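In what follows, a structure is listed as structure tokens, so that the remarks can point back to it.
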Amino acid sequence: FPSPCHPAAPPEHIKEPLAYMRKAQGSWEKRILKSLNSMSTELNIPLAQKRPVNEQKELLNKWNEMGTDEPDLSLFRPVYAPKDFLEVLMNLRNPNYENGEQPSFRNHLGLIQVPLKVKDIPELKEDFSELGLNIGQLGIDDSAQVPPEFFENEHVRVGQKVLAEQDSAAAQQYVRQGCPTALRADLWALILNISNQPEDILYYEQLKSNVIQHDLLVDSLIYKDVKLTASNDDYYFVFEDYLYQVLLCFSRDTSVLEHFTYSSATPPKSYIQGKLGMEEYAVFYPPNGVIPFHGFSMYVAPLCFLYHEPSKLYQIFREMYVRFFFRLHSISSHPSGIVSLCLLFETLLQTHLPQLFYHLREIGAQPLRIAFKWMVRAFSGYLATDQLLLLWDRILGYNSLEILAVLAAAVFAFRAVNLMEVTSLAAAEAVLADLSTLKVMPLLQIFLFATVT
């Protein structure tokens, strides 16, 4: 939920209190729109058009095997990639903040140069106290005091009780120690208040018929993104059809627009042909107000392991998006926003691994250049799926994305010895190229609770 504001605060302050952040987000949106519009003009493809009847029938017939369809997407390019977004964040400055060229003790040596308050290790320890070394966790194999199978059996028993009670708050508290695989789908649905009632299924069917009737330019961007990311992923390529279904329906879902009341972003508008600038002819485009970027489909892919019914998978993803994921690609000062996460990551490294941070900075391998793509995708596509789901348990449990920055710093700490020997950005990237063997929970615990502060 959005944090409570002063009753007299103007609506834009509820979206984002800092004027320079609002301005930066506004100009970033203009850039994205320009990219989308120029693609529409260059390729001579309208932003939206009704599908001919024979095309509608064809799409309906192959709805469950859209992956077999091979439209020519060579001319389409992602509207932007995470590295383009990072360049924008690196140029953010607070105009009220005197920051001369002379380096001072106040200067942050990282790429993010905005003065936001981020937590230090003692505060993070307090916030994430349930990750403590003496507390049982799923995802840790060698806790000596309690045999893991004993903790697991007891944890499963408690989880079943929480589900029987249907208590959302208890479920949220419970998943802070990790979800047993068999209970995860039901516990997440309980936390996100998703029940998949007949009206929800009907709503999903309506979105599906919107997809079948109308062809949007963003559909091709979604196809292209799935082909470039999930289809090439050993874990997720089997879910290609699910991804198309969920993402195409998502782009038509106007209920997603509600999250713009507490997001710093504003949904883009399009005007009916020949009526440019006339507000009564303006429509949001795409209808959900969200233009997908390179890697967007990876927000859905891990959920396909848990939910096999398209309407339920759809609702879970939509709720995850409007609670969490939108913060990873919009510019804001929110503690879970991507700017704060970048700053938290850089501050943790600078404070706890100053030699490593300085070494990487000197060789032109700023750590954030490597970690940014992990955080923007909430580590989806980088970690093994079982580890990723343990991480997402904690995002839901703590209702915060800060754990992404902590994990990114922990990965650097874990590979610090090798990283101290590299002499270029390419070499540093090579050391961190494969995260699929990492165990998330031990990394987080050691970084938070075994680091000398």
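The values are calculated or read from the model by the stated rules, or taken from the named source; none is laboratory data. This is a predicted model, so every value here is computed, not measured. No Cβ is skipped: glycine too gets one built from the backbone with ideal geometry, and neighbour counts run over all protein chains shown. Remember, those area values only see protein heavy atoms, side chains included, never the ligands or the DNA or RNA. Shrake-Rupley method; radii C 1.70, N 1.55, O 1.52, S 1.80 Å.
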³J(HN,Hα), Karplus 6.51/-1.76/1.60, whole Hz, each residue of segment 353-362, x for Gly, Pro = 9, x, 5, 5, 4, 5, 4, 5, 5, 5
Portion, in percent, of the accessible area of segment 154-201 that falls on carbon or sulfur, probe 1.4 Å | 47
Under the Karplus relation with 6.51, -1.76 and 1.60 and θ = phi - 60°, whole-Hz ³J(HN,Hα) for segment 192-209, x at Gly and Pro, equal 8, 6, 9, 10, 6, 6, x, 5, 5, 5, 5, 4, 4, 4, 5, 4, 4, 5
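If I take R0 = 56 Å and measure r between the Cβ atoms of residue 150 and residue 53 in this structure, what FRET efficiency does the formula 1/(1 + (r/R0)^6) give, to the nearest 0.05?
0.35
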Amide proton proximity set for residue 48, modelled H, under 5 Å, gap of 5+ = 217
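Could you calculate the contour length gain from residue 60 to residue 421, that is, 0.36 nm times the residue separation minus the distance between their Cα atoms, to one decimal place in nm? Before the final figure, lay out each step's value.
Numbers: separation 361, 0.36 × 361 = 129.96 nm, distance 5.57 nm.
Gain on extension, residue 60 to residue 421, equals 124.4 nm.
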Solvent-accessible area per residue, Å², over the chain with all protein chains present [probe radius 1.4 Å] = 46
Can you give the relative contact order of the chain as a percent, counting alpha carbon pairs under 8 Å and 6+ residues apart?
-> 22
Hey, can you rank 203-214, 335-346 by average C-beta count inside 10 Å, highest first?
-> 335-346, 203-214
When Lys and Arg each count +1 and Asp and Glu each count -1, what net charge do the other residues less than 13 Å away from residue 236, Cβ to Cβ, add up to?
-> -3
Among 164-170, 363-369, what's the highest-first ranking by average C-beta atoms within 10 angstrom per residue?
-> 363-369, 164-170
Starting from the amide H of residue 214, placed 1.01 Å from N in the peptide plane, find each other amide H under 5 Å away whose residue is 5 or more places distant or on another chain.
-> 51
Between residue 269 and residues 5 or more places away or on another chain, the pairs with built amide H atoms under 5 Å apart involve 285
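Taking 0.36 nm per residue of separation and subtracting the Cα-Cα distance, what length does fully extending residue 228 through residue 134 add?
29.6 nm is the gain from fully extending residue 228 to residue 134.
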May I ask which of 227/312; 34/312; 15/269 have a Cα-Cα span longer than 26 Å here?
-> 34/312
So which aspartates and glutamates pass the test for residue 373, namely a Cα distance under 19 Å, with those fewer than 8 places away in the same chain ruled out?
-> 84, 87, 225, 233, 234, 346, 402, 429, 434
Ignoring ligands, DNA and RNA, how do 34, 224, 269 rank by accessible area with a 1.4 Å probe, largest first?
-> 34, 269, 224
Under a point spin-label approximation (7 Å from Cα along Cα-to-Cβ), what is the residue 167-residue 258 distance to one decimal in nm?
-> 2.6
Run the quick spin-label model on residue 73 and residue 280: label points 7 Å from Cα toward the beta carbon, then report their separation in nm to one decimal.
-> 4.0
Proximal lysines relative to residue 125, as straight alpha-carbon distance under 24 Å, when same-chain residues fewer than 8 apart are discounted = 117, 439
Projected onto their principal axes, the Cα atoms of the chain stretch, largest extent first, over whole-Å spans of 66, 59, 50
Note to self, the chain gives a 222 nm [θ] from helices alone (DSSP H runs n ≥ 4, -39500 (n - 2.57) apiece, / all residues, nearest 500) of -15500 deg cm²/dmol
What are the ³J(HN,Hα) values, in whole Hz, obtained from phi via the Karplus relation 6.51 cos²θ - 1.76 cosθ + 1.60 with θ = phi - 60°, for each residue of segment 31-44 in sequence order, with x given for Gly and Pro?
-> 4, 5, 4, 4, 4, 5, 5, 5, 5, 4, 5, 4, 8, 6
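Can you check what the net charge comes to around residue 431, using other residues whose Cβ is under 9 Å from the Cβ of residue 431 (Lys, Arg +1; Asp, Glu -1)?
Result for the local shell: -1.
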